[in-house]
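One structure is given here, and the rest of the page talks about it.
The values are calculated or read from the model by the stated rules, or taken from the named source; none is laboratory data. These figures come from a predicted structure and were not determined experimentally. All Cβ positions, glycine included, derive from the backbone under ideal geometry; neighbour counts span all protein chains shown. Only protein heavy atoms, including side chains, enter the accessible area calculation; ligands, DNA and RNA are left aside. Shrake-Rupley method; radii C 1.70, N 1.55, O 1.52, S 1.80 Å.
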Amino acid sequence: MLDALFLSFSLTQLCPIEKAALNDAADRIEYAYVLEREAKEIAADLRAVTAKIDAVVQCGDPKSFTSATTKYLRQMSGDGHFYIEPRSDDTFTDDDWLTSWRKAAPSKGYGIRNVTIYKGNIGHLQISSFYELEASFARYDAAFELLSDTDAFILDLRGNGGGSPETERPLIWTFLTPGLGPLLTIESRIESLSVPSEVPVLWKRYGAERPLVVLIDGDTFSAPEAVAYTLQSVDRAVIIGEASGGGAHLLDSGVPVGEAFTLYVPTRRPVGTRTGGNWEGVGVLPDIEASSEDALETAISYLRAQLPK
């Protein structure tokens with residue numbers, strides 16, 4: 001595994017600041033990463049790298065360093081949630097990934113990409129990202145009001161790369177009957193966690209009776225996978241499309257590493273109360289396979305066949 005990182009830095013040798021960041025990252029990962037055995041292996045690899053690369057006077061490009069390190073951590077661990085970025089003296093800057101994501105929200109409809117009613121009174125809601133609930137609530141409220149009288153529902157999560165659990169969780173309960181109890185528990189090596197049995201839904205519930213399809217593809221990752229997985233686990237939805245990206249672990253807040261970088265480490269993992277597992281590394285598997293391009297038409301055809309003629 002070391003060779004891959006050596007190649008990544010072959011043109012930009014590690015300077016002392018970068019070496020210090022890798023050492024700090026190794027300590028943090030060993031302490032906090034959600035999978036204990038893998039945490040020790042990743043930390044040992046990073047320490048071996050810093051021990052073998054001599055510091056040089058000319059430091060590398062911080063963005064190249066963080067890009068290569070992020071790629072390496074993800075490839076080595078198989079966990080797509082690892083992330084490291086340059087740190088500014090300001091808490092948030094335009095280069096900060098979270099700030100950039102939030103700034104893009106208005107131009108992306110706060111995640112509500114498409115609301116349509118197809119022939120046969122089939123509703124279609126496409127969500128491209130899960131922005132924080134406070135910012136996105138009005139859009140969800142309007143979407144579910146518009147689709148509330150449809151006879152079937154397509155929840156389209158293709159290409160949705162993740163976002164806020166505070167929006168993911170009420171979305172799940174929009175399609176369920178209250179009182180089912182906890183559907184996911186959360187595990188962590190470093191803290192005790194409690195999970196509410198369910199969360200309030202402040203927009204109009206669609207309910208648990210009408211047919212529901214969830215569309216996913218290989219770019220569906222993290223929070224939208226939780227939606228698809230949970231609804232599938234209680235037999236509420238038929239999943240159509242491609243296996244999703246396989247990112248079940250949850251990120252903690254970023255922590256400083258070295259003098260100039262911030263590291264994000266997955267510290268928690270969900271476990272389905274019905275399944276005893278999650279979708280990490282394998283993705284949510286569709287009930288009906290279809291390419292990402294064909295998934296919507298497949299869903300419409302499927303639902304038309306389910307509805308009364």
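Within the range 171-209, the residues that satisfy the criterion of being touching a residue at least 40 places away in the same chain (Cβ under 8 Å), touching a Gly at 6+ places or on another chain (Cβ under 9 Å) and closer than 17 Å to residue 143 by Cα are 175, 206.
Could you check, for the range 240-261, whether at least one of its residues is among the aromatic types (Phe, Trp, Tyr), without any contact (Cβ under 8 Å) to a residue 60 or more places away in the chain and either under 26 Å from residue 191 (Cα atoms) or surrounded by 24 or more Cβ atoms within 10 Å (Cβ to Cβ) (or both)? Among the residues of the range 240-261, not one is among the aromatic types (Phe, Trp, Tyr), without any contact (Cβ under 8 Å) to a residue 60 or more places away in the chain and either under 26 Å from residue 191 (Cα atoms) or surrounded by 24 or more Cβ atoms within 10 Å (Cβ to Cβ) (or both), which makes the answer no. Counting only helices (runs of 4 or more DSSP H) that sit wholly inside the range 1-60, those with at least 1 residues that are at pLDDT 90 or above are 16-32, 36-52. Is there a residue in the range 219-239 that is out of contact with any helix residue (DSSP H, G or I) (no Cβ under 6 Å at 6 or more places or on another chain), within 19 Å of residue 39 (Cα to Cα) and open to solvent by less than 50 Å² (accessible area, probe 1.4 Å)? No: zero hits. For the range 138-163, a residue qualifies if it is outside any strand (DSSP E or B) and under 13 Å from residue 174 (Cα atoms), and the qualifying residues are 140, 141, 143, 144, 145, 147, 148. Among the conditions (1) part of a helix (DSSP H, G or I); (2) open to solvent by less than 10 Å² (accessible area, probe 1.4 Å); (3) without any contact (Cβ under 8 Å) to a residue 60 or more places away in the chain, residue 168 misses just one, which is (2).
Checked against the criterion of being within 18 Å of residue 198 (Cβ to Cβ), surrounded by fewer than 22 Cβ atoms within 10 Å (Cβ to Cβ) and hydrophobic (A, V, I, L, M, F, W, C), the range 144-164 has at least one qualifying residue.
Pairs meeting the criteria (first residue in the range 142-161 and touching a residue at least 24 places away in the same chain (Cβ under 8 Å), second residue open to solvent by less than 10 Å² (accessible area, probe 1.4 Å) and of a type in the set (S, T, N, Q), beta carbons under 6 Å, at least 6 apart or on different chains) are 157/220; 160/220.
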